[in-house]
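Asker: Encoded as structure tokens, here's the structure I'll be asking about.
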Amino acid sequence: MSLPTTTRQYVFPQRGSFNNLVLKEVPVSKPKANEVLVKVHAVSLQFRDLMIANDKYPLPAKQDSLVPCSDMAGEIIAVGEDVKGWKVHDRVCANFALDHVFGAATPESQVTALGGAIDGVLTEYRTFPAHSLVAIPEHLSYEEASTLPCAALTAYNALHGPVPVKAGDYVLVLGTGGVSIFALQFAVAAGATVIATSSSDDKLKIASKLGAKHVINYKKTPNWEEEVNKITNGVGVDHVIEVGGGTLFKSISSVRMGSGQIHIIGHVSSDAENDTVVFPLIGKAATLRGILIGSVAQFRDMVRLLAANPDTTRPVVDKVFPFDKALDAYAYLESQKHVGKVVIKVA
């Protein structure tokens, strides 16, 4: 088949607002010897995309004409001459950091982070190094698979990292965004008991349907950490998925002494905490672990988990927007009305 010569892609001529995004048509790069050319079918958004759009992202990011977004699913349409293991028509996702293949993240791997350090995936066609790709589970659509590279892999890294979740553990999941929902599903698949929080009773109903045994509306129960301790008979939870940042003290209060794991995912909350967390953390002898997505190797491990548990781990896609309505997708993400993921259908 003939290959495309141009691609439409969104770029930020300048950052400061997602409303600055413009759609441009540019030439398609031909794949080098160890690269593949992918037709992008779907892109999912994450909170990081809003931070980058608003020029508030704390990590290095390209300033000029950045193509945004890091999470995609697509179809290989051409392979470089030295590529092995991939062929035309294979369905793939690219890893968040293209060169984070295995082991811990490094400064070298993080300069290949899509939609930040380098151009991202909100485009119709893009080349990728073959080593950055992971096959999409057969039971997932492109829209569902586009949610895997960051939200799913971050949750998987948290719960299946150095201290894996076990059957019988208590897992506290804060909120009902993409990472939180995947963490809920992975914890349920592992046989853990999930406690979910949200400011919305409607969102908590969805969390319950997905397997959360206990739900807490933190607007109605401001001291929700006390409720968590009641649920666990004063013992505390084994894992906390901490996505707010401004709730860290409450998370520390909720965790099991001596072995509790608090996984810091991001800082969605705008509430600042004034006092140091050091002494509360020491008082619980808990572990505070920052999660920076994951490697290609972890991604492939996670895909096996998804394939083995297709019903309990199916991605939750809240809403899908067409490619020419990408700004509407950003606005919907910013509204925080969603449960799970917001997706842009590219093809």
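The values are calculated or read from the model by the stated rules, or taken from the named source; none is laboratory data. Predicted model, so just to flag it, every value in this text is computed and none were measured. Methodologically, a virtual Cβ is constructed for each residue, glycine included, from the backbone with ideal geometry; neighbour enumeration extends over all protein chains shown.
Asker: Working only within region 25-65, note down all residues that are assigned to a strand (DSSP E or B) and either of a type in the set (Ser, Thr, Tyr) or under 19 Å from the mean Cα position of the chain (by Cα) (or both). Full working, then the answer.
Answerer: Step one: filter region 25-65 for residues assigned to a strand (DSSP E or B), giving 25-27, 35-45.
Hits for region 25-65 are VAL40, HIS41, ALA42, VAL43, SER44, LEU45.
Asker: Quick check on this structure: which one of VAL173, VAL188, VAL179 is β-branched (Val, Ile, Thr), in the same structural domain as SER253 (by the TED database) and assigned to a strand (DSSP E or B)?
Answerer: Working: VAL188 fails: assigned to a strand (DSSP E or B); VAL179 fails: assigned to a strand (DSSP E or B).
Unique residue meeting the criteria: VAL173.
Asker: I've got another one for you. Among the residues of region 212-252 satisfying the criterion of being in contact with a Ser or Thr (Cβ under 8 Å, 6 or more places away or on another chain) and of a type in the set (A, V, I, L, M), which is farthest from PHE182 (Cα to Cα)?
Answerer: Top of the filtered list is VAL228.
Asker: Which one of THR193, THR154, THR147, THR176 is in contact (Cβ under 8 Å) with a residue 24 or more places away in the chain, touching an Asp or Glu at 6+ places or on another chain (Cβ under 8 Å) and crowded, with 24+ Cβ neighbours inside 10 Å?
Answerer: On the way: THR193 fails: crowded, with 24+ Cβ neighbours inside 10 Å; THR154 fails: touching an Asp or Glu at 6+ places or on another chain (Cβ under 8 Å); THR176 fails: touching an Asp or Glu at 6+ places or on another chain (Cβ under 8 Å).
Residue meeting the stated conditions: THR147.
Asker: Moving on. Going by what's in this entry, would LYS219 be described as part of a helix (DSSP H, G or I), of a type outside the set (S, T, N, Q) and not assigned by the TED database to the domain that holds THR313?
Answerer: Working: part of a helix (DSSP H, G or I): no; of a type outside the set (S, T, N, Q): yes; not assigned by the TED database to the domain that holds THR313: yes.
No.
Asker: Which condition does ASP99 not pass, out of (1) without any contact (Cβ under 8 Å) to a residue 24 or more places away in the chain; (2) touching a helix residue (DSSP H, G or I) at 6+ places or on another chain (Cβ under 6 Å), if it passes all the others?
Answerer: (1)
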